[in-house]
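> This is the structure I have questions about; it appears just below.
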Amino acid sequence: MTDTLLLRDAEVHGTRTDVLVDGGRVVAVGARERGSAEVVQVVEVVECRGGALLPGLHDHHLHLHALAAARRSVRCPADHAALAVALRAAEADVHGWVRGVGYPGDDLDAAVLDRLHGERPVRIQHRSGAMWVLNSAALARIGPPDHPGVELRDGAPTGRVLRADDWLRARLPAADPPDLRGLGAELASLGLTALTDATPDLADPASLAVVPQRLTLLGVALGAAPPPGVVAGPYKIVLADSGLPGLDELVERIRAAHAVGRPVAVHSVTRESLVLLLVALHVAGVLPGDRVEHAAMVPAELIGELGRLAVVTQPGFLADRGDAFRREVPVADHGDLYRCRSLLDAGVAVAPSSDAPYGPVDPWAVIAAATTRSTPDGAPLGPDEAITAAEALAGYLAPTPGAPARRVAAGVRADLVLLHTPLADALREPSAAAVRAVWIGGVPQRLW
């Protein structure tokens, strides 16, 4: 006799049925399987009332530490007057620093920040995550500008620091660790039962393992073992816009990962970086599981070259900042932005994801963005690249990008999401409000 959970009258693959969960796994789906299952003690019954029961969703690209830190940072508006008000009202950390995130422009430097808020040390992260801007008080505290990412003008730092997070972090006062447990609970409430952290070169992978979700890490060092219960995913390589590596260097990095059995996950947001990556993979060879992160710009002539790779992309960026793309990206290139439809039609494996905190973390908002491609100003950007909500959801249900969507069936882990409504209704207007209950390994994360 074992304790178990009965999910009664759930919609599973379009049919209303019962699902039995025991020992962290689905043991039976449907009355016939229930009758043949081992004798169990049902200790909880959930009346699903025809709501869809899905496998848990998997966000294939986000950044947990950065997302948790963003939760306790100032959201930075583009308007300087509003930014000054927000910085003055911000609560500093225990060391007196003010941290801002999400600034959407390229017009900040130390001199500008000093005028907006020079009284306390301030550091503000650009919306892309690739650059920090520090005011003079902050620059005075971090010491000599001995990193190539520190922008200099006439030998003096401008306050702009490009892709030097580790260097900057080492010079900042020690901070309390972010609340990853609380963040994990928040993500579970959205239906996310598995996460892939895409942060490169993680210094402390074990610190991420406190979340309840199944966890895959791209930043595990080559040859290193991941923390217990965590999967080392493809090896993350960043092709930074500010300085692309040489072809030989990139080929060697890819070969080093492949030599220890790790595919690569390569950050590419420009046409130039994608061309470089494809040439490097032609030389180094492709390992199953190799993937392109973002693929923000894919010219039509390169679609056919992606067939052996997976693309992990972020249509949510269109809903978040697509109006800026419309202004800043040449009209001729609009159709190349965050492609989905043309990649799927060409047989390329595509998985939507959030890139949170740099994009919206809500998977249902990302699914909606993939179907409408609407920007904040209400107009679609690249409407021919829209996909159906079911296709976008399938990417979130895949265990790895490009794999078939997981199904609710006897024997699978009980990582489950119960919706208030049938799936077809939920997908007409995708929203996290449709999520009623979530289980990870049969353990309830959210239930009402």
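The values are calculated or read from the model by the stated rules, or taken from the named source; none is laboratory data. If you're wondering where the values come from, they're calculated on a predicted model, not measured in any experiment. Using ideal geometry, Cβ is built from the backbone for each residue, glycine included, and neighbour counts are taken over all protein chains shown. These area figures cover heavy atoms from the full protein model, side chains too; ligands, DNA and RNA do not enter into them. Shrake-Rupley method; radii C 1.70, N 1.55, O 1.52, S 1.80 Å.
> If Asp106 satisfies every condition in (1) under 28 Å from Leu202 (Cα atoms); (2) surrounded by 18 or more Cβ atoms within 10 Å (Cβ to Cβ) but one, which is the exception?
Result: Asp106 passes all but (2).
> Can you name the residue in the range 322-332 that is open to solvent by 30 Å² or more (accessible area, probe 1.4 Å) and assigned to a helix (DSSP H, G or I) and, of all such residues, is farthest from Gly105 (Cα to Cα)?
It comes out as Ala332.
> Six or more apart or on different chains, Cβ under 6 Å: which pairs go from a residue in the range 45-66 that's crowded, with 24+ Cβ neighbours inside 10 Å to one that's among the acidic types (Asp, Glu) and part of a helix (DSSP H, G or I)? Could you list them?
From residues that are crowded, with 24+ Cβ neighbours inside 10 Å, there are no pairs.
> Follow-up question, since we're still on this one. Quick check on the range 70-103: of everything there that is open to solvent by 80 Å² or more (accessible area, probe 1.4 Å) and touching a residue at least 60 places away in the same chain (Cβ under 8 Å), which residue is nearest to the chain's Cα centre (by Cα)?
Here the residue is Arg71.
> So, in the range 174-214, exactly how many residues are on the phi > 0 side of the Ramachandran plot and either among the β-branched types (Val, Ile, Thr) or under 16 Å from the mean Cα position of the chain (by Cα) (or both)?
1
> Within the range 153-167, can you find the residues that are out of contact with any Ser or Thr (no Cβ under 7 Å at 6 or more places or on another chain) and either in contact (Cβ under 8 Å) with a residue 40 or more places away in the chain or on the phi > 0 side of the Ramachandran plot (or both)?
If the condition is that a residue be out of contact with any Ser or Thr (no Cβ under 7 Å at 6 or more places or on another chain) and either in contact (Cβ under 8 Å) with a residue 40 or more places away in the chain or on the phi > 0 side of the Ramachandran plot (or both), then Asp154, Gly155, Pro157, Thr158, Gly159, Arg160 are the ones that fit.
Condition check ((1) more than 15 Å from Val298 (Cα to Cα); (2) surrounded by 20 or more Cβ atoms within 10 Å (Cβ to Cβ)) across all residues:
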site	(1), (2)
Ala346	no, no
Gly359	yes, yes
Pro376	yes, no
Ala389	yes, yes
Ala392	yes, yes
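> When residues of the range 271-304 are filtered for being of a type in the set (Asp, Glu), more than 19 Å from Asp248 (Cβ to Cβ) and open to solvent by 10 Å² or more (accessible area, probe 1.4 Å), how many remain?
The total comes to 1.
> Go through (1) within 27 Å of Ala433 (Cα to Cα); (2) among the small types (Gly, Ala, Ser); (3) open to solvent by 10 Å² or more (accessible area, probe 1.4 Å) one by one and return the number of the condition Gly184 breaks.
(3) is the only condition that Gly184 fails.
Results for (1) charged (D, E, K, R); (2) at pLDDT 95 or above, shown as yes or no for each residue.
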position	(1), (2)
Thr2	no, no
Leu6	no, yes
Gly14	no, yes
Thr17	no, yes
Val21	no, yes
Gly30	no, no
Glu47	yes, yes
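> Looking at (1) more than 24 Å from Arg308 (Cα to Cα); (2) surrounded by fewer than 20 Cβ atoms within 10 Å (Cβ to Cβ), find the lone condition where Asp415 falls short.
(2)
> Go through the range 189-205 and give me each residue that's open to solvent by 10 Å² or more (accessible area, probe 1.4 Å), not hydrophobic (A, V, I, L, M, F, W, C) and not in a helix (DSSP H, G or I).
Hits for the range 189-205 are Thr199, Pro200, Asp201, Asp204.
> Only one residue in Arg214, Arg255 is at pLDDT 95 or above, open to solvent by 10 Å² or more (accessible area, probe 1.4 Å), over 26 Å from Val161 (Cβ atoms) and touching a helix residue (DSSP H, G or I) at 6+ places or on another chain (Cβ under 7 Å), so which one is that?
Being at pLDDT 95 or above, open to solvent by 10 Å² or more (accessible area, probe 1.4 Å), over 26 Å from Val161 (Cβ atoms) and touching a helix residue (DSSP H, G or I) at 6+ places or on another chain (Cβ under 7 Å) holds for just one of Arg214, Arg255, which is Arg255.
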